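Everything below concerns the one structure shown next.
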Amino acid sequence: MASHAERGMSAPPEVVFNTATDPDRSAAWLPEKLRGSRACRVEVLDADDMRARWSSADWSAEIDVEPADAGGARVRLDLAGPDHGLADEILTNLDREVADNLTAG
């Protein structure tokens, strides 16, 4: 089963995409249920269109990041796997990590 979530973020799309695809930051926004002990890998599907996929043996998540009004970003997430109800939580966590990334930089 799959779930979908969409969220606006107050950061440039490139910052959102770079934060999302940075392997050192994934532990901060991917829920423990998805990271677990299984290998999770990120695959940039299209850097120009800012599309990426994370997957392990039993779940996958794909995001599309697009420009939005006022220099922000719109992120769409498709999540498939046994814990598909986490889509909103994932985007909330990613938004927090993006905000931390902007504050630190």
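For this structure, a couple of remarks:
- Within region 48-67, residues that are in contact (Cβ under 8 Å) with a residue 60 or more places away in the chain and more than 17 Å from Asp95 (Cβ to Cβ) have Cβ atoms under 8 Å from residues that are among the basic types (Lys, Arg) and in a loop (DSSP other than H, G, I, E, B) in no pair, counting only partners at least 6 apart in sequence or on another chain.
- Counting residues in region 76-90 that are within 17 Å of Pro23 (Cα to Cα) and either open to solvent by less than 70 Å² (accessible area, probe 1.4 Å) or at pLDDT 90 or above (or both) gives one or more.
- Any chance Glu32 is without any contact (Cβ under 8 Å) to a residue 40 or more places away in the chain, closer than 26 Å to Thr103 by Cβ and either hydrophobic (A, V, I, L, M, F, W, C) or open to solvent by 70 Å² or more (accessible area, probe 1.4 Å) (or both): yes
- Region 49-61, subset modelled with pLDDT of 95 or more and not basic (Lys, Arg), residue nearest to Ser26 (Cα to Cα): Ala52
- Options Val15, Val65; residue that is among the β-branched types (Val, Ile, Thr), within 11 Å of the chain's Cα centre (by Cα) and either at negative phi or part of a strand (DSSP E or B) (or both): Val65
The values are calculated or read from the model by the stated rules, or taken from the named source; none is laboratory data. Just so it is clear, the model here is predicted, and its values are computed rather than measured. No Cβ is skipped: glycine too gets one built from the backbone with ideal geometry, and neighbour counts run over all protein chains shown. For accessibility, only protein heavy atoms count, side chains too; no ligands or nucleic acids. Shrake-Rupley method; radii C 1.70, N 1.55, O 1.52, S 1.80 Å.
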